[in-house]
Amino acid sequence: MSTGKRYAMTVDTRRCVGCSACVLACMAENDVPEGYCRDWIVSEIHGEFPNLTQEIRSERCMHCSNPPCVEVCPTGASFVHDGGVVLVDPHKCTGCKACIASCPYDARYVHPDGHVDKCTFCIHRVERGDNPACVSVCPTKALTFGDLNDPTSEVSKLLRTREYKVLQPEAGTEPNVFFLK
Amino acid sequence: MAIGRRTFIKIVGASAGATAVGVGLGSRLLASNDYVPDPGTDGDEVIPTFCEICFWKCGVLAHKKDGRITKIVGNPAHPLSRGRLCPRGTGGTGLLYDPDRLKRPLIRKEARGKQVFEEVSWDEALDHIAAKLKEVAAKHGPESVALFNHGYGASWIKALVQAYGSDNVGAPSYAQCRGSREKAFELTYGSAVGSPEVLDIENTRVLTLIGSHLGENMHNTQVQELADAIGAGAELVVVDPRFSTAAGKARYWLPIRPGTDIALLLAWMHVIVKERLYDRDYVAKYAVGFEELEKHVADKTPEWASVETGIAPELIVETARFIAGARPASLVHPGRRSNWYGDDTQRGRSVAILNALLGSWGRKGGFFLPTSYAVPKVPASKKIEHHFKEPPDAPLDRPVPFLGEALAHGLRDASIPGANVAYPIKAWIVYGTNLLQALPEPEKTVKALEALDFVVAIDVLPAEITGWADVVLPEATYLERFDDLHAPPWKRGYVAIRQPVVPPLHDSKPGSWIAWELGKRLGLTDYLQGDVESYLDARLKKIGSSLTELKARGVLLAKREPTFIEEGLEPTFATPSGKIELFSKQLEDAGLPPLPQYTPPAPAPAGHFRLLVGRAPMHTFGRTTNNPFLGRVMRENVVWLNAKRARELGFETGDDVVVVNQDGAKAGPIKVRATEGIRPDCVYMVHGFGHASKELHFAFSRGADDSQLVTRVAIDPVMGGTGINVNFVRLERAAASEVSA
C-alpha cells in the first residue's frame, strides 16, 4: 500500500554541535550491536590557523531515490519501503555485501547475526507518528524529518527557504538527506 | 563454495560501482516486501525520573521491559530537557549495567592505595564505619571528619555529617570549578549565577563566549537555547585559544593568547565606555561605581590589549561595538569551570561588569531573574543545635577573605600532617567524587590519604579514590534510588522527582538508606529523615500533591511568573549598596583591587606548551569514561597540537606521546591530534581520561589523565580557588612498551 509520501531528513549544519546524541539514541532505540553505528558525526575543519571554517554533519543512510544498494542486491533483501525508505529484510539477506560495496556513503555494515544492517529512518516509529530516534533526541533540533511530497511539512519548508546540499551528488543516487548550510 | 560466493560479491560490487550513476529503477525496487523492522526497545513501562550522568538534572523517561531498562529518552514535560537529551543522558544504561560496578561493601585488607579488600555484609561495614568515626571523634572531635561530595544524592550524607557535628563539607565543583564565577557575581550583583545558570540564551542577539566552550560543554538546556538562538539569527563572538565547536559557528573568533582575558575585557569596556555605547539609563538606575570604572579603563586601550592578547586593535574595537550594538539582548556568558590563573574572581568580575554595561542582567536575552516552585522542607524530629567550628580550609597564614562553600582542596591540605590550620582533618567520607582526578596536585591528595585515620568511599564505580578507602560502600545508581526533590531557581518553577526505575542491582543501596543506617549506629536518627518515601510524600503534601502523583508525572510546573525587567519585575541586588557594584567597596576593604586588574601570565619555559583542558559532550569528567555505551562515541582523549608545530616537532595525528610537565610529572600515552584549530603556544585535552584504577576495565589506561600534570596551582586571593592553567608541558614520543601497556 503506497501512501504517496517521500520521507526525507534535513541536517542543519549551523545548529548541529556534533555531540553524538543522535548516534547514541539510535544505538539505544535500534539495539545496534557493539562496534557498529547507523548514524555518525563528521566534523571537518578547513583552512589554516587562524582562518578556519568548520562543518559538522550528522550522517546516515541517505535513503536515496536511486539507491544502488537496492539495484545490486541479488536476493531482493534490500528494498524500497513505502515513503521511499530503503530497508533490508534480514530474512532475505545473505550477507553478500554487494550493497555495502555499492553504497557511496558507507552507510551499511554486516550485523553480527549475518545480515546487512543500516538506518531505517526508524520507520517503526515513523509509522506510528513519531520522529526517528535521532530527530527526537537532538538537543539542537538540527535534524528534521518529514514528507517532501507534502509542501507544508517542515522539511519541505526548510528546503524552500534554506541553502542546502547533498553529499556526492555526482554519484547520481538522489539522496533524501539534505544538509542545510 | 565460500570462495565462489566471495568472487561473485566482488564482481557485483565492482559493476555496481561502475554503473550506479544514471541507472534507472530496476525491477527489484518495485518488488514488494512486507518486512518492517521493529527493534522492540519500547518499554512495557515508562518511568519518569531525572538524570545524574552530569549535574544538570534533566528530566528523563526510562523505558523498562522485562525488568530491564531498554532506553532512556527525554521527558517533554521537564523544563531542562524539553524531551531532548545530550548523549550522556541516553547513556545512563551504560552506568546501570556497567560490569565494573561496585557490588558489595568492602573492607580494606592491605595498605591504602592497594585495592585489596574483603567483601563484607552491610552490617559489618556500617558497624565498622560507626566504630571508627566514634573513635576519631573521641580523639579529635567530630569536626575532624570531612565530607567530599559531588552529585545530588549527597544531600543525605551531608545531613548525616552535619548531625554528627562537622560542617566540613567540600565539593571540587566549587573551588575547582564554578566558585570564582559565583563569587564574582555575588560581589557584583549580590547573587551567584547558579546551576542551572540563569541565562536567557534563546532570546539573545549576540552571545559572547569567553572561557566557555558551550556545545562541547554539553549543558543540555543551554545547548538547546544556543541552537535556537542561532536559528533565530543570533551571532556569536567566541574568544578561545582553540577553534571550538562554537568558534566554528561564530561571526568572530578571537584566538586569544591564553591567560589574557582580563586585558581584552577591559579593552572592550574601554571602547564601550569611551564611545558611550553602554546602557546609560540602566547603569544610572542600577549600578554604582561607574566613574571609578571609567577612570580605570581610560588607559586600557585596544592597542594596549592587543599587545597582551595577540588580537588586532581594530578587531577589539569592532567586536566591542558589535557586542554593544545588540544590548540589552547581548549576553557575555559567565562560563562555568573558570579557575585557571589565580585571578579568576577578578576575571569573573570583568565579565559581570561588562554585562552590567550592556544592561543584560534581568533583561531578555541576558540573565533572567529566576523563580522557583516553593516546596517546603520537612524538618527532622530534632533540629541541629550544636555550633559548627569554621572549616580549616584555608591555612592560618593565608586567610581567604571571601569564602563561599568550603574549599575541597583546603580540607585536603588540612589533612596533611603539619598543616598550618586551626585544627586537622582526620577522617574522610568521600561521596561520588574521584578526588585523585577531581583535585589538582594529586601528590598532595595521596599524602593526605596516607596520613588519615579513616577513609570511607561511597560510590557506584571503583574509581581511583575507592582504592584509598578503608571501607567502600556500593551505592545504587540514580536509576535505582529516590533522592530529594529538585526544585531549582529557573525561568519557570518546577519540582521533579528522582525515583527508582529498577531495584538496586547487586548488593548496592541508596544513599538515603546508607545515611539512615549510619545515623542509627551513631545515635543521630532524630536529626535525619527516615523512610525516604514518607519524607518525599510529606514534602509533596505541603504543596497539595503527593508522591503517587509525582511518581506518575515526574515533574510539576509552578505558575508562570515574570522573570525579566521587561515584564515589570524590578531587580534587587543583595550587595552592601543594594546596587550593581561596578566598583567593589567590599574588595577594596579587603585590600584587594576594587576593579579588575590585569596580570600578564607567566611565559612558558622553552620548548613547552601551556596545558589547557576542557570537556567533551559525551562525557562528564572521569565519571563516565568507564561507561562502555558512551565509550562507543568517545573511547579516549587526544592531545590537540597546532599543525605547524606538529610538523616542526615531527608529530602526526595518531602518534602516541607522553605528556610531561615542567616538574617532570607525566601523563599518557595519548594520541596526537595535529590540527589547525589551536594556537601554537598551547595544547589541549579533554579531562577525565587515563584512569589508573585497573578495576575500571574499560577506562583503564585509555588516553591521558590531565590531573597528573597539574602539579602547580595559582590560588585565587579572593575566594581561594585553584587556578590550574599555570602548568606547561612538552610532548615526548611514547616508547613502544608504553603504548602496548
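For the stretch B:215-263, residues that are under 22 Å from B:T345 (Cα atoms), open to solvent by 10 Å² or more (accessible area, probe 1.4 Å) and in contact with a helix residue (DSSP H, G or I) (Cβ under 7 Å, 6 or more places away or on another chain) total 3.
May I ask you to list pairs of residues, at least six apart or on different chains, whose Cβ atoms are under 6 Å apart, with the first in the stretch B:618-634 being open to solvent by less than 10 Å² (accessible area, probe 1.4 Å) and the second being of a type in the set (S, T, N, Q)? What qualifies is B:H619/B:T625; B:L630/B:T624. Taking the criterion of being touching a residue at least 24 places away in the same chain (Cβ under 8 Å), assigned to a helix (DSSP H, G or I) and touching a helix residue (DSSP H, G or I) at 6+ places or on another chain (Cβ under 8 Å), the residues of the stretch B:517-534 that qualify are B:E517, B:L518, B:G519, B:R521, B:L522, B:Y527, B:V532, B:E533.
Please indicate, with yes or no, whether at least one residue in the stretch B:236-255 is part of a loop (DSSP other than H, G, I, E, B), of a type in the set (S, T, N, Q), closer than 20 Å to B:I323 by Cβ and at pLDDT 95 or above.
As a first pass, look at the stretch B:236-255 and keep what is part of a loop (DSSP other than H, G, I, E, B): B:240-241, B:243-246, B:250-251, B:255.
When the remaining residues are screened for being of a type in the set (S, T, N, Q), the result is B:244-245.
Checking the rest, the ones that are also closer than 20 Å to B:I323 by Cβ come to B:244.
Next cut, at pLDDT 95 or above only: B:244.
Yes: the stretch B:236-255 contains one or more residues that are part of a loop (DSSP other than H, G, I, E, B), of a type in the set (S, T, N, Q), closer than 20 Å to B:I323 by Cβ and at pLDDT 95 or above.
The residue that is nearest to B:G432 (Cα to Cα), among those in the stretch B:507-531 that are under 31 Å from the mean Cα position of the chain (by Cα) and open to solvent by less than 20 Å² (accessible area, probe 1.4 Å), is B:G511. The residue of the stretch B:637-683 that is farthest from the other protein chains (Cβ to nearest Cβ), among those that are in a loop (DSSP other than H, G, I, E, B) and without any contact (Cβ under 8 Å) to a residue 12 or more places away in the chain, is B:G664. Of the listed requirements (1) open to solvent by 30 Å² or more (accessible area, probe 1.4 Å); (2) in contact with a Lys or Arg (Cβ under 9 Å, 6 or more places away or on another chain); (3) among the hydrophobic types (A, V, I, L, M, F, W, C), A:V23 misses just one: (1).
The strands (runs of 3 or more DSSP E) found wholly in the stretch B:396-502 and carrying at least 2 residues that are under 25 Å from B:P196 (Cβ atoms) occupy B:494-496.
Considering B:R610, B:R645, B:R679, B:R615, the condition of being among the basic types (K, R) and either out of contact with any Pro (no Cβ under 8 Å at 6 or more places or on another chain) or over 23 Å from B:G310 (Cα atoms) (or both) is satisfied by B:R615 alone. Taking the criterion of being aromatic (F, W, Y) and within 12 Å of another protein chain (Cβ to nearest Cβ), the residues of the stretch B:246-271 that qualify are B:Y252, B:W253.
Of all residues in the stretch B:121-132, those being open to solvent by less than 50 Å² (accessible area, probe 1.4 Å) and touching a Phe, Trp or Tyr at 6+ places or on another chain (Cβ under 7 Å) number 0. For the stretch B:391-430, how many residues are more than 22 Å from B:V713 (Cα to Cα) and in contact with an Asp or Glu (Cβ under 8 Å, 6 or more places away or on another chain)? Qualifying residue count, the stretch B:391-430: 5.
Condition check: within 9 Å of chain B (Cβ to nearest Cβ), under 18 Å from the mean Cα position of the chain (by Cα) and surrounded by fewer than 23 Cβ atoms within 10 Å (Cβ to Cβ). Does A:I45 satisfy that? Criteria not met by A:I45. Looking across B:V297, B:V288, B:V307, B:V378, one residue alone is touching a strand residue (DSSP E or B) at 6+ places or on another chain (Cβ under 8 Å) and either without any contact (Cβ under 8 Å) to a residue 12 or more places away in the chain or farther than 28 Å from B:L226 by Cα (or both). It is B:V288. Within the stretch A:137-154, identify whether any single residue is touching a residue at least 12 places away in the same chain (Cβ under 8 Å) and more than 23 Å from A:F178 (Cβ to Cβ), and answer yes or no. No, the stretch A:137-154 has no match at all. Does the stretch B:104-115 hold any residues that are open to solvent by 60 Å² or more (accessible area, probe 1.4 Å) and either over 13 Å from B:S693 (Cβ atoms) or touching an Asp or Glu at 6+ places or on another chain (Cβ under 9 Å) (or both), and which are they? Once the filter is applied, which keeps residues that are open to solvent by 60 Å² or more (accessible area, probe 1.4 Å) and either over 13 Å from B:S693 (Cβ atoms) or touching an Asp or Glu at 6+ places or on another chain (Cβ under 9 Å) (or both), the stretch B:104-115 yields B:R104, B:K109, B:E110, B:A111, B:Q115. Identify all residues within the stretch B:82-133 that are out of contact with any Leu (no Cβ under 7 Å at 6 or more places or on another chain) and within 14 Å of another protein chain (Cβ to nearest Cβ); write none if there are none. The answer is B:R82, B:G83, B:R84, B:L85, B:C86, B:G89, B:T93, B:L95, B:Y97, B:P99. All told, A:G4 falls short of being touching a residue at least 60 places away in the same chain (Cβ under 8 Å), more than 7 Å from chain B (Cβ to nearest Cβ), at positive phi and in contact with a Lys or Arg (Cβ under 8 Å, 6 or more places away or on another chain).
Only one entry of B:E118, B:E135, B:E143 meets the criterion of being open to solvent by less than 40 Å² (accessible area, probe 1.4 Å) and either of a type in the set (K, R) or farther than 20 Å from B:G432 by Cα (or both), and that entry is B:E143. If only residues of the stretch B:716-732 that are over 19 Å from the mean Cα position of the chain (by Cα) and of a type in the set (A, V, I, L, M) are counted, the one that is farthest from B:L187 (Cα to Cα) is B:L731. Give the residues of the stretch A:146-181 that are among the charged types (D, E, K, R), part of a helix (DSSP H, G or I) and within 14 Å of chain B (Cβ to nearest Cβ), sorted by residue number. Within the stretch A:146-181, A:E154, A:K157, A:E170 qualify.
Please work out which residue is farthest from B:K542 (Cα to Cα), limiting yourself to the stretch B:566-601 and to residues that are touching a Leu at 6+ places or on another chain (Cβ under 8 Å) and among the aliphatic types (A, V, I, L, M). Looking at the filtered set, the residue picked out is B:L595. Could you please find all residues in the stretch A:84-116 being surrounded by 21 or more Cβ atoms within 10 Å (Cβ to Cβ), more than 7 Å from chain B (Cβ to nearest Cβ), in contact (Cβ under 8 Å) with a residue 24 or more places away in the chain and not in a helix (DSSP H, G or I)? Passing the criteria: A:V85, A:V86, A:V88, A:C103, A:A107, A:R108, A:V116.
Restricting the stretch B:31-54 to residues that are among the β-branched types (V, I, T) and open to solvent by less than 50 Å² (accessible area, probe 1.4 Å), which is nearest to the chain's Cα centre (by Cα)? Taking the candidates together, the pick is B:I53. Considering the stretch A:50-83, the residues that are aliphatic (A, V, I, L, M) and within 30 Å of B:L315 (Cα to Cα) include one that is farthest from the other protein chains (Cβ to nearest Cβ), namely A:I56. Please determine whether any residue of the stretch B:76-93 is more than 19 Å from A:A142 (Cβ to Cβ), within 22 Å of the chain's Cα centre (by Cα) and assigned to a helix (DSSP H, G or I). Within the stretch B:76-93, one or more residues are more than 19 Å from A:A142 (Cβ to Cβ), within 22 Å of the chain's Cα centre (by Cα) and assigned to a helix (DSSP H, G or I).
The values are calculated or read from the model by the stated rules, or taken from the named source; none is laboratory data. Computed from a predicted structure; not experimentally measured. All Cβ positions, glycine included, derive from the backbone under ideal geometry; neighbour counts span all protein chains shown. Ligands, DNA and RNA are stripped out before the accessible areas are found, and what is left, the full protein with its side chains, is counted by its heavy atoms. Shrake-Rupley method; radii C 1.70, N 1.55, O 1.52, S 1.80 Å.
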